[in-house]
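Worksheet for the structure shown next.
The values are calculated or read from the model by the stated rules, or taken from the named source; none is laboratory data. Bear in mind the structure is a predicted one, so any value in this text is a computation, not a measurement. Because the Cβ atoms are built from the backbone with ideal geometry, glycine has one as well, and the counts that use them run over all protein chains shown. Areas reflect the complete protein model, heavy atoms only, side chains present, ligands, DNA and RNA absent. Shrake-Rupley method; radii C 1.70, N 1.55, O 1.52, S 1.80 Å.
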Amino acid sequence: MKTGIILLLLTAYVSAADSQARPATDTLTWSLQQCMDYATAHNQELLGKAQTANAAAQDRKAASARLLPDVTVTAAINNYWKIPVQVFPGELVGQPAGTFVPIRMGTPWMGNYGAEVNLPLVDVQTWQHIKLARLQQQAGASEYRSLQRSLLKNVRMAYYSTQLQQAYLTTTQELYSNYQQIHALIQLQFDKGLTDKIAFNQSATLLKNRQQAVQQAHASLQEAYLDLKFWMGFPLDSIMTTQAAGPLPPVEMVNYSATQLPDYESEQLKVAIAGQQYRSTRAAYYPSLHARGSYQQLGFGDQLNFITHSPWYTVGFAGIELRIPLSWSNIAAKPRSMKAQWQAASSRFKQYESEQMKKYLQEKLLLEKASGDIQTQKENIVLATENEALSTQKINKGIIDMIQLKEIQQDLYDAQLKLNDARIDFFKHYTELNYLQHQ
């Protein structure tokens with residue numbers, strides 16, 4: 001009995017600890033900052049880009065290591081079942097002039113062990129490769145930051161979308177509830193015989209349209225949440241709730257600066273890398289100077305036991321080696337190709353700057369337009385709401401004009417829909433402008 005109680009207590013303790021270890025994602029109301037922090041830590045594309053940037057850092061270390069001595073340790077045992085033959089002039093062994101004598105060189109068993117060292121003293125190509133690797137590392141880090149900014153932009157827009165769709169869902173529910181009251185009045189008039197079946201049926205259709213609008217708004221909200229969870233790397237089948245929407249931010253325009261563009265550094269580094277690749281290619285035909293050395297022990301014998309029974313002979317050298325590459329592809333053709341690619345990268349960078357400035361100015365105009373559209377639709381809603389109230393008063397008096405009522409309801413619905421669209425456009429362009437200018 002005691003054992004059973006102990007096991008029950010342990011199970012309860014483990015369950016409680018496990019529930020504390022897991023974040024309560026189902027009940028948490030997420031703020032924008034929490035969503036962005038979560039996305040930075042869990043988005044798989046961003047995590048993959050971080051690993052790519054880390055690989056570029058390791059490549060730079062590998063390039064720098066080429067300045068260190070290159071040491072090669074060797075060891076070998078060879079059995080020559082046919083001993084190599086070297087031919088010498090016959091005069092060396094008393095033979096007639098013009099004759100040759102083959103002499104076997106070595107023994108059936110030969111072995112060696114030792115080390116070779118190569119140290120670059122003057123190697124322009126190695127230094128250029130190091131500079132290229134350093135630029136590629138910077139490019140990897142820059143691409144990570146660019147992807148992070150792009151990801152946070154998408155998270156922002158998806159977050160704003162959930163807030164706006166939630167507000168729009170509330171609006172459609174209110175409109176549905178309001179028209180339920182209007183329809184109840186029309187039904188009352190119908191029951192009293194003050195209106196006909198046609199008017200009642202038309203009103204029922206309007207009510208169903210209002211209900212359908214609520215269902216569509218609910219589906220749009222779920223789509224917005226799905227989009228947000230995707231960008232965050234959040235479990236797609238989990239429940240999420242965002243904070244309620246606040247007032248629209250002020251339309252404040254900052255002075256445009258190309259250096260604040262999200263991909264400016266990455267695009268600039270592409271030009272720098274293309275230039276460095278050109279210089280690295282040119283460095284391939286520069287002379288290089290190396291210090292070289294070797295130490296070896298050589299052993300020979302008729303049997304494999306020469307390893308322990310025969311003497312070993314030391315061979316070694318140290319010297320300076322000058323290398324002068326004379327490949328035509330390195331001297332002329334390939335550098336010209338790399339130079340052309342450098343010039344092409346420079347032209348693409350200028351085109352990038354021009355396109356981004358155009359995009360910024362377009363987003364600025366569209367943001368101002370969305371702000372004006374929001375104000376216009378608010379005014380239209382005030383008028384449509386007033387007309388709805390007036391039509392309700394007429395229904396109370398038994399005056400039912402279904403054509404007018406349908407037009408009033410359509411005007412109110414269209415104004416609310418256009419207001420929601422204008423707000424979405426506003427945040428879309430607001431987010432894009434901030435993204436373009438690193439805010």
> Are there trypsin sites (Lys or Arg not before Pro) in the range 238-313 that DSSP marks as loop and that have at most 10 other Cβ atoms within 10 Å, and which are they?
Replying inline: none
> Once both axes come from the Cα atoms, what is the angle between helix 264-282 and the longest principal axis of the chain, in degrees from 0 to 90, rounded to 10?
Replying inline: 20 degrees
>> Let me cross-check F317: its accessible surface, 1.4 Å probe, with only protein heavy atoms counted, in Å² to the nearest 10?
In response: 110 Å²
>> Quick check: residue separation of L68 and V251 times 0.36 nm, minus the Cα distance between them. What number comes out in nm?
In response: 60.1 nm
> For the residue pair L365 and L47, what label-to-label distance in nm results when each label sits 7 Å from Cα along the Cα-to-beta-carbon direction?
Replying inline: 4.3 nm
> So what J values fall out for the range 231-240 if you push phi through Karplus, 6.51 cos²θ - 1.76 cosθ + 1.60 with θ = phi - 60°, rounded to Hz, Gly and Pro as x?
Replying inline: 5, 6, x, 8, x, 5, 8, 8, 8, 9
> Pick the calculated volume of the Cα convex hull per residue in Å³ for this structure from (1) 168; (2) 145; (3) 356?
Replying inline: (3)
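Leaving out ligands, DNA and RNA, and with a 1.4 Å probe, what % of the accessible surface on the range 69-159 is carbon or sulfur?
Numbers: 3220 of 5400 Å².
Result for the range 69-159: 60 percent of the exposed heavy-atom area is carbon or sulfur.
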> Rounded to two decimals, what ratio of Rg to Rh does the range 273-402 give with C-alpha atoms and a Kirkwood Rh?
Replying inline: 1.69
> Tell me, what ³J(HN,Hα) does each residue in the range 156-171 have, in order and in whole Hz, if you take phi through Karplus 6.51 cos²θ - 1.76 cosθ + 1.60 with θ = phi - 60° and put x for Gly and Pro?
Replying inline: 4, 5, 5, 5, 4, 5, 5, 5, 5, 5, 5, 5, 5, 4, 4, 5
> So which of K153/K339; K339/K364; K229/K369; K131/K229 end up more than 32 Å apart by C-alpha?
Replying inline: K153/K339; K339/K364; K131/K229
> Which value, in Å², gives the accessible area per residue of the range 97-225 when a 1.4 Å probe is used on the protein heavy atoms?
Replying inline: 51 Å²
> In the Gaussian network model of the chain, springs joining C-alpha atoms below 10 Å, which of P108, P235, P69 carries the largest mean-square fluctuation?
Replying inline: P108
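How much of the pair distance distribution for the range 59-122 lies past 13 Å, counting alpha-carbon pairs only, in percent? List each step's numbers first, then the result.
Values: 1534 of 2016 pairs.
Result for the distance tail: 76 percent.
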> What relative contact order, as a whole-number percentage, does the range 205-320 give when Cα pairs under 8 Å and 6 or more residues apart are counted?
Replying inline: 15 percent
> Fully extended, how many nm does the chain gain between I399 and K197 (0.36 nm per residue separation, minus their Cα-Cα distance)?
Replying inline: 71.2 nm
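Sort R348, R210 from largest to smallest accessible area, using a 1.4 Å probe on the heavy atoms of the protein chains. The partial results should precede the final answer.
Values: R348 150, R210 15 Å².
Of R348, R210, the descending order of accessible area is R348, R210.
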